């Protein structure tokens, strides 16, 4: 791909993307031919204990959000794109994409308990005998497992697409501590470096600083300490767009 313009772009992730404000400004910069946004509020990378891939991730639906994961967003694509899927019903919106942007992690907790990020990532690729794990053996209740599951399905469906995983933005310290968000950012970056093909977009450094934001209050870049206001959305859009444009140089 020689130019970033007139591409087909897919967005996946949580409410920060689902709200569509930074996506709007991003598209004004990138000028895609078309875009599809399947992000859903409250989504996590990691599957929950009772997550079922029903292809219909919902916010505050009857499943109490347990199916609201990135992997279930993948299932939504599989059902509309993959003829081999037992629940396949053709959806022309999912025919092809040149750029895929996955922005999640804000709602994932318990990363602090993994102990060793590199070890957990390695464990979702290799067994104890250093044999490559088949995809159906990975644990999508870990971030590494969910990211591997997402990547391998996306690259199979869209082999020529540029796939980008974004780090979460900073949030108000009293609800999304800097140390927690940074750890998730480091985790996603480590995974992208491990897989090599996936491009890491460090949205954590877009210019939003959680120290100046407060939970449930309007701040300089977040309207509630978590979600971007117009100013914050422009910062995310500009940073992500410039990062992706740079990959075409």
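Readers should treat all values here as calculations from the given coordinates under stated rules, not as data from a laboratory. On a predicted model such as this, the values are computed, not experimentally measured, just so you know. Note: ideal-geometry Cβ built from the backbone for every residue, glycine included; neighbour counts use all protein chains shown.
Listed values, structure above:
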| read-out | value |
| --- | --- |
| Normalised per residue, the volume of the convex hull around the Cα set of region 93-134 (Å³) | 147 Å³ |
| Debye log10 I(q)/I(0) at q = 0.19, 0.22 Å⁻¹ for region 140-218, Cα point scatterers | -0.82, -0.97 |
| Over region 1-92, relative contact order from alpha-carbon pairs under 8 Å, at least 6 apart, % | 23 percent |
| Among 87, 37, 68, residue whose mean-square fluctuation peaks in a GNM of the chain (springs only between Cα atoms under 10 Å) | 87 |
| Order of 45, 215, 109 under a 10 Å beta carbon neighbour criterion, fewest first | 109, 215, 45 |
| Mean shadow area of region 114-249, taken as a quarter of the surface of its Cα convex hull (nm²) | 9.4 nm² |
| Antiparallel DSSP beta bridges within the chain, as percent of all bridges there, nearest 5 | 10 percent |
| Added length on full extension, which subtracts the Cα-Cα distance from 0.36 nm per residue, residue 183 to residue 87 | 30.9 nm |
| Order of 23, 70 - criterion: other Cβ atoms within 10 Å of each residue's Cβ, fewest first | 23, 70 |
| Two-decimal Rg/Rh across region 183-226, once Rg and the Kirkwood Rh are taken from alpha-carbon atoms | 1.15 |
| Structure-based [θ]222 nm, the chain - -39500 (n - 2.57) summed over DSSP H runs of at least 4, per residue, nearest 500 | -10500 deg cm²/dmol |
| Bins of 5 Å, starting at 0 and running to the largest distance - Cα pair percent for region 1-79 | 3, 16, 23, 20, 14, 12, 7, 3, 1 |
| Likely footprinting exposure, 178, 158, fewest C-beta neighbours within 10 Å first | 178, 158 |
| P(r) histogram, all alpha-carbon pairs of region 88-190 included - 5 Å bins from 0, percent | 2, 11, 19, 19, 18, 14, 9, 6, 1 |
| Relative contact order of the chain, pairs being alpha-carbon contacts under 8 Å that are 6 or more residues apart, as % | 19 percent |
| Between region 114-184 and region 223-249, the alpha-carbon center distance in angstrom | 22 Å |
